[in-house]
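I have placed the structure first, in the form of structure tokens, so that the comments after it can refer back to it.
The values are calculated or read from the model by the stated rules, or taken from the named source; none is laboratory data. Keep in mind it's a predicted model, so treat the numbers as computed, not measured. Positions of Cβ are generated from backbone atoms using ideal geometry, with glycine treated the same way; all protein chains shown enter the neighbour counts. Surface accessibility is based on the protein's heavy atoms, side chains included, excluding ligands, DNA and RNA. Shrake-Rupley method; radii C 1.70, N 1.55, O 1.52, S 1.80 Å.
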Amino acid sequence: MNFEDTPQEAAFRQAAREWIGANAPIELKAELEAASVGNLVLKHMDPMAASKAWQKKKADAGWACLHWPTQYGGRGASAIERVIWGQEEGVYSKLNRPFGIGQGMCGPTMMAYATEDQKRRFLPPLASGEEIWCQLFSEPAGGSDLAGLRTRAERDGDDWVINGQKIWTSGAHYSDHAILITRTDPTVAKHKGLTMFFLDMRSPGIEIRPIKQVNGQSGFNEVFFTDVRIPDAQRLGKVGDGWQVSLVTLMNERLSIGAGYQTGFPELFELCCTLETGQGRAIDDPAVRSKLAQWAVRASGLKYTGYRAISAVSRGEMPGPENSIGKLVGGEMMQEIAMFALDLQGQAGVISDTASAMDNGRFQGMLLRSPGTRIEGGTDEILRNIIAERVLGLPADIRVDKSVPFNQIPTRARG
Ligand SMILES: Cc1cc2nc3c(=O)[nH]c(=O)nc-3n(C[C@H](O)[C@H](O)[C@H](O)COP(=O)(O)OP(=O)(O)OC[C@H]3O[C@@H](n4cnc5c(N)ncnc54)[C@H](O)[C@@H]3O)c2cc1C
């Protein structure tokens, strides 16, 4: 592992730092620093407008989607330059949230499977934030077991007709386009009868219903399809190859490294240094110090695991399944830390309204968001399975329905 920048990397870092220093919305810095995890709330500006303005500014200057080819709105930068950019962008990267799924997963899938004309039409506005994309994968019967999905696509002339339901679709309510995985053949094994498309989220027959979350926000949705028509020209990959296409999407999830996983540890340390508990500052209490020491060890383990992944990227390698460790440990840690911080705050800990809660309610925000972090992009249990099978080489999970035709897999409805 080498933590030092090469001379080229150092020059790139300097250029990025200078541009960010001269162009970032400094007036939002304090609010962004105080913002907790989850959807961004700003006092004097619509967060979406702030996000779009920052993204467009970056795109106009060649700092958007750095590792994408220039003809599709990127900079043609290396993977390590992208990581360096993420480190330098720092707190302003909180403005990138609406674009994460589109740029991180849908864009690379389009890059791999769309036609040249489609790439030139759809990728530049995705890079500049002028168009937003979402990912229509999960369903009530297809989450961890994505291949169990039931949304149907049936061929009708030059179109496909879609019927079914997706759920937990982040950002569907403000997205312009989406990638969608469907079942086109229920008579073959579940992984084999799937087909991927992209579509306009304003197509007739799409109904989007927001889901209200425990933190009061509505970041994700149910999406219903009733006879929605998609031209065959918007198919990504061959008919029946949707599982392979989805692996490209999911593999790109792993590449979202560099920004690191939020654990809440620096925020907790700061709180303990200032909080008076009645017997002096929290940091002077031996029980608090012991807890902090345990989390400090885990936080530094995560930091160096992240550096290991960055070093691999720097050598031109793909980050491996060991990247699952970051989300697994970070998500759990954030939840534990938030609970501990609220205990320390005593009665004030129950106030979650950002205007009156301590520290702008950052720990309350963490507590309410962390269960979602532990589920999205692979639950804790699924990540443990990945680490067990692909990192430690332990025997694989038992998959009894793997080779059974999808329409013969017993369901409760069929009795
Ligand atoms: C904040 C958030 C945003 C999301 N955004 C999107 C999005 O934009 N697009 C999208 O398509 N989806 C999205 N999702 C959905 C997400 O991908 C699924 O919730 C996730 O894959 C889990 O699926 P599930 O909810 O159906 O749970 P299930 O798969 O039904 O799991 C239920 C429980 O069973 C456990 N379990 C399941 N299988 C196994 C196994 N083999 N071994 C051990 N335990 C197992 C799970 O760990 C979990 O505890 C989002 C979810 C969240 C929380």
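If the segment from Ala61 to Arg150 were pulled out straight at 0.36 nm per residue, it would be longer than the present Cα-Cα gap by 27.7 nm.
With angles folded into 0 to 90 degrees, how steeply does helix 116-127 sit against the dominant principal axis of the chain? Use alpha carbons for both and round to 10. Taking the Cα atoms of the chain, the angle to 116-127 is about 20 degrees.
Converting phi to 3J(HN,Hα) with the Karplus coefficients 6.51, -1.76 and 1.60 and the offset θ = phi - 60°, region 71-86 yields 5, 10, x, x, 10, x, 7, 7, 4, 6, 5, 5, 5, 4, 4, x Hz in sequence order, with x at every glycine or proline.
Once the Cα atoms are used to define both axes, helix 362-373 deviates from the longest principal axis of the chain by about 30 degrees.
Once the 1.4 Å probe is applied to the protein heavy atoms, region 118-215 comes out at 41 Å² accessible per residue. Taking all protein chains as present, what is the carbon and sulfur share of the accessible area of the chain, in % to the nearest whole number, probe 1.4 Å? Answer for the chain is 54 percent, counting heavy atoms of protein chains only. The residues of region 1-59 present an accessible area of 60 Å² per residue when probed at 1.4 Å with all protein chains retained. Mean-square fluctuations from a GNM of the chain, with a 10 angstrom spring cutoff on Cα atoms, peak among Asp241, Asp284, Asp159 at Asp284.
Looking at this model, which pairs from Lys56/Lys238; Lys43/Lys94; Lys212/Lys327; Lys119/Lys238 are more than 22 angstrom apart at the alpha-carbon? Over 22 Å Cα-Cα: Lys56/Lys238; Lys212/Lys327. Largest mean-square fluctuation among Gly301, Gly219, Gly326, in a Gaussian network model of the chain whose springs join Cα atoms under 10 Å apart, belongs to Gly301. If the chain linking Arg315 and Asp5 were pulled fully straight, counting 0.36 nm for each residue of separation and taking away their Cα-Cα distance, it would gain 110.3 nm. In order along region 350-360, phi translates into HN-Hα couplings of 7, 7, 10, 4, 4, 5, 10, 6, 5, 6, 6 Hz, rounded to whole numbers, per the Karplus curve 6.51 cos²θ - 1.76 cosθ + 1.60 with θ = phi - 60° and x for Gly and Pro. DSSP beta bridges confined to the chain are antiparallel in about 85 percent of cases.
Going by alpha carbons, how many degrees (0 to 90, nearest 10) lie between the helix axis of 265-274 and the longest principal axis of the chain? The angle comes out near 30 degrees.
The local environment of Ser311, defined by Cβ-Cβ distances under 14 Å, has a net charge of -2 under the rule Lys, Arg +1 and Asp, Glu -1.
Multiplying the residue separation of Ile20 and Val239 by 0.36 nm and removing their Cα-Cα distance gives an extension gain of 74.4 nm.
Put simply, the amide H of Ile351, placed in the peptide plane, has no neighbours under 5 Å, leaving out anything fewer than 5 places away on its chain.
For a modelled paramagnetic label at Asp176, 7 Å from Cα along Cα-to-Cβ, no residue of region 217-236 is in reach, as no backbone nitrogen comes under 13 Å. For region 168-181, 3J(HN,Hα) computed residue by residue from phi via the Karplus equation (6.51, -1.76, 1.60; θ = phi - 60°) reads 6, 7, 5, x, 4, 6, 10, 8, 8, 9, 8, 9, 9, 10 Hz, glycine and proline entered as x. Other residues with beta-carbon under 12 Å from the beta-carbon of Val161 carry, at +1 per Lys or Arg and -1 per Asp or Glu, a net charge of -3.
Between region 5-82 and region 335-372, what's the alpha-carbon centroid distance in Å? So the separation of the two Cα centres works out to 28 Å.
Of Lys43, Lys291, Lys190, the residue with the greatest mean-square motion in the GNM of the chain, using alpha carbon springs below 10 Å, is Lys43.
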